[in-house]
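The values are calculated or read from the model by the stated rules, or taken from the named source; none is laboratory data. Worth saying up front: this structure is predicted, and the values here are computed from it rather than measured. Ideal geometry is used to build each Cβ from the backbone, glycine not excepted, and the neighbour counts take in all protein chains shown. Calculation scope for accessible area: heavy atoms of the full protein, side chains included, ligands and nucleic acids excluded. Shrake-Rupley method; radii C 1.70, N 1.55, O 1.52, S 1.80 Å.
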Amino acid sequence: MAHAAPASRRRASRTGPGVLPDVLSERTHRALSMAAPVVLGLVYGYWAAANRRSGGEITGWNLLFGFVTALAFMLLYVGVRALAPLLRREVHAVLWAAFVGGTFGFLYSQTGATILRSCLMGLGIGAAAFAVMFYRYYTHEDAGGLRYR
């Protein structure tokens, strides 16, 4: 690559040219960071339950499966989101790729596909997620994990 490295490895200030204004308050950011896992988990649980019943009628077991799946997704998402920033950029990307690939593979397995096909689909989606995440972290962080701004 023929571009120059940034002059300073320190984090840039939050003001100045090229920095977007923060229109939400700190309280709103905290509320959204707590609401995101719940909303994503409920959507994921509903999606998994809908895949499992294949358009049939909703039963109590199907509802239970959806809520248990939502809870498991929420716990994994919160864990990955808490652990990932502490890791180097390569492992950071691998962790998110494993999460995305695993969650997609599980959803795909609920459609009645074979376990081999579900694993291959999850690996493919995980590999694509790794490529995107690695590129993002490689271009936005230095090797020590400090973000360029």
Please give the peptides 93-102, 129-138 ranked by average Cβ packing (other Cβ atoms within 10 Å per residue), highest first, as a rough proxy for protection.
93-102, 129-138
Tell me the carbon and sulfur percent of the accessible area for segment 49-128, rounded to whole percent, probe radius 1.4 Å.
74 percent
Mind giving me the nanometre distance, one decimal, between the label points for Val80 and Arg136, set 7 Å out from Cα along Cα→Cβ?
1.1 nm
For segment 17-126: accessible area per residue (Å², 1.4 Å):
66 Å²
Can you figure out the FRET efficiency of Thr59 with His29, using R₀ = 30 Å and their beta-carbon distance, to the nearest 0.05?
0.15
